[in-house]
Number of protein chains: 2
Amino acid sequence: MAESRSAPFDPATDAASIAPLFLRACRREPVERTPVWIMRQAGRYLPEYRALRASHDFLTSCRTPELACEITLQPVKRLDVDAAILFSDILVPLPGMGVEVAFNPGPQLARVVREERDVTALRVPDPHETTPFVLDAIRLIRRELAGRVPLIGFAGAPFTMAAYLVEGGGSKSFSALKRLLFGAPAVADHLLETCASTVARYLSAQVEAGAQAAMLFDTWAGQLAPADVRRFVLPAVRRIVTEVRTAAAAAGTPDVPVIYYAGEAAGWLEMAAETGADVIGVDWRMPLDMARRRLGPSVAVQGNLDPAVLLGDPGVIRRGITRVLDEARGHEGRGSAAGHIFNLGHGILPDTPPEHARLVVDTVRELTEGA
Amino acid sequence: MAESRSAPFDPATDAASIAPLFLRACRREPVERTPVWIMRQAGRYLPEYRALRASHDFLTSCRTPELACEITLQPVKRLDVDAAILFSDILVPLPGMGVEVAFNPGPQLARVVREERDVTALRVPDPHETTPFVLDAIRLIRRELAGRVPLIGFAGAPFTMAAYLVEGGGSKSFSALKRLLFGAPAVADHLLETCASTVARYLSAQVEAGAQAAMLFDTWAGQLAPADVRRFVLPAVRRIVTEVRTAAAAAGTPDVPVIYYAGEAAGWLEMAAETGADVIGVDWRMPLDMARRRLGPSVAVQGNLDPAVLLGDPGVIRRGITRVLDEARGHEGRGSAAGHIFNLGHGILPDTPPEHARLVVDTVRELTEGA
């Protein structure tokens, strides 16, 4: 492993025999260019997605393997990204836990979890029973992709999932969640453990079904002070990383990388590396050179262009991409930085012109290929 | 000045002859204990505020000097904080610029500013003409305070003000604002300059009327990537710091400190010191020892307890305060750290028990006094 990381990449001999570009970057192995995909690349900014959604509601699209597969493949075809990510939502496991969810279009939970008895009433679902459609979708997508690019499976991280369960939807100040954390920490711990058990089983099942990377979205982790992140956020993530690794090894795919995306983590980024994840996804609120310095050499980074830059003109987009690539390289040299996956710092905005998404992919390729 | 900063404080000889505790801490001068006040200390969590608001709407309360004075003094009386802050709102100058604002309860602007002609139509108001009630309130409050604690005046920072003008209210992704920044930067610059001119005059007038410190709230600064903060946020702040200083000197009060509060700034905190502000206010998303290290020795810091900690029990609150004080001291010794003003990292939450706010003040005093 140490040798493969430092050896230069030789496309003439290496390209055909080794793992896909995206997976090599996750493992900090040599790459011929910087891989690129886009968070929420399957979604509302794409006319083909809106066309499909005109006749299928959001949850039906998530719960029907053929639809989830079609939507997952849309950006692969249109943008030529280096990875596909399952079309789904981080709240898809909630009904299996006992909490129904509606999307109007933001999520609305049928009930909130705020007392010990609410937590006790939650189930840790068997993903094969409660979300078989997700596993079927993964198998179908893998077949349809036929090796073109790897498929990323994902789940919400326990803290973010707990935030929704306590708040009943989105929130500005997360005061109900924090009232639980600071006022009834034992109940909060029980809830976080229940979410962690659910996510560990759910994400492990995705890997067993064929997901080639496993990503945890911790959108709301940055709502806490660093000491509280250490107390309430990271232990559950660490546990999931370990359990998913174990499941991947048991399934004969020990190399499945785990990606941990933590929003607004600039105040405690070094701690994110302690989760054991292979890749840390970072938002656009910190420079990538600072992120890499603070994360250290043992993890790869994914990010971190402000999604709103794609609302600007092509010159602005190119300058933004150039800056991220420069920072990823530590402002040294040209070409591809080891252990960097280009992405936005958050999901692509619904009013983004699709041709600007394609421009991102093409520009990253142009600026890092063969340099 | 250098001497006063390093000399130990001698309460027997110094206390009566020198500036108030809060102002000395802003200037990094010796203090006998850590001063404390609470962002949004005058507001909805106080029953006496709700009682007054039952018969006066929010804008009327801001625009009536006697009401603004009464509300400003409520937390001084109840909590015994070390500073008063004018009861007002960062959007109070907008009608003078030509944009009416309603509060229901979040702000709703009568129109949005998105084109060059919208910016051209804005006025840079004379605060004596359009917001005389603010200046009258300051004079009245100073009289009523009678030197008990200093009075902080404030304004929204230009970027945050521009965010409201472009979005027309609050926003989740600020995509209209960012579309302007990235799609029409010349228009954005014009808007930011207009806001900077407005704020510079408005805050200078507050200092001339008697505000003893001038605070800029840049709640939304952290929504941009660091390089864009440098481009769009900081130049306007720097200009205001300079102009307020000049106005303060001309008014015979050259020592008025300028406080710059930047939300979600953990990714670019060192740049906040470049604004020239005397004090940097930081939210709870980064540890205060990291903040002090990155800001360097020439500025004071204000913060940074998560407001939601006040929803916990007294033990949780005490532990949270202890942590902030420890971090402010760099984990060395006891007592008061030079150049630290204790505060929350954001406004106090409306559902906070008032006795918990008082507990914060008492605990900071107990843990830093005479140690």
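Details
- Proxy reagent accessibility, fewest Cβ within 10 Å first, across A:PHE103, B:PHE174: A:PHE103, B:PHE174
- Tensor-based shape of the range A:60-141 (alpha-carbon gyration tensor, a/c under 1.5 rounded, otherwise prolate or oblate): prolate
- Between helix A:234-250 and chain A: long-axis angle, C-alpha atoms, 0 to 90°, nearest 10: 70
- DSSP beta bridge pairing in the range A:32-368, given as percent antiparallel to the nearest 5: 10
- Antiparallel bridge percentage (DSSP; both residues within the protein assembly as shown; nearest 5): 10
- Copy-to-copy label distances for A:THR60, where each label lies 7 Å from Cα along Cα-to-Cβ, are 5.1 nm in order of increasing length.
- Axis angle, to the nearest 10 degrees, between helix A:65-79 and the longest C-alpha principal axis of chain A: 30 degrees.
- Annotation: the range B:32-368 has a Kirkwood hydrodynamic radius of 20.1 angstrom, from the mean reciprocal C-alpha pair distance.
- For the segment A:287-294, counting C-beta atoms of other chains within 10 Å of every residue's C-beta and taking the mean gives 1.
- Neighbour-count ranking [beta-carbon atoms within 10 angstrom, fewest first] of B:ARG358, A:ARG111, A:ARG201: A:ARG111, B:ARG358, A:ARG201
- Residue by residue along A:345-352, Cβ atoms of other protein chains within 10 Å of the local Cβ number 2 on average.
- Distances between copies of A:GLY170, taken at a point 7 Å out from Cα along the Cα→Cβ vector and listed shortest first: 1.1 nm.
- Electrostatic dipole magnitude of chain A [Cβ: Lys, Arg +1; Asp, Glu -1; Cα centre; debye, to 20]: 340
- Label-reachable residues, the range A:217-254, where backbone N falls under 20 Å from a point 7 Å from A:SER171's Cα toward its Cβ: A:217-237
- Axis of helix A:132-145 versus longest Cα principal axis of chain A: the two differ by about 10°, to the nearest ten degrees.
- By the count of neighbouring beta-carbon atoms within 10 Å, fewest first, A:MET39, A:MET271 end up ordered A:MET271, A:MET39.
- Two-site FRET efficiency, A:ALA251 against A:THR64, from Cβ-Cβ distance with R₀ of 22 Å, rounded to 0.05: 0.30
- Per-copy distances of the B:ASP255 label point, shortest first, in nm (7 angstrom along Cα→Cβ): 6.8
- Closest approach of a chain A beta carbon to the axis mapping chain A onto chain B (residue, whole Å): A:ALA266, 2.
- Counting, for every residue in B:310-319, the Cβ atoms of other protein chains within 10 Å of its Cβ and taking the mean gives 3.
- Hydrodynamic radius of the protein assembly as shown per Kirkwood, over alpha carbon pairs, in Å: 27.1
- Magnitude of the charge dipole for the range B:96-223, about its Cα centre and with charges confined to Cβ atoms of Lys, Arg (+1) and Asp, Glu (-1), is about 280 debye.
- The protein assembly as shown - charge dipole about Cα centre, Lys and Arg +1 at Cβ, Asp and Glu -1, debye rounded to 20: 40
A short reminder: the numbers here are calculations on the coordinates, not readings from a lab. Predicted, not measured: the structure shown is a model, and the values here were computed from it. Using ideal geometry, Cβ is built from the backbone for each residue, glycine included, and neighbour counts are taken over all protein chains shown.
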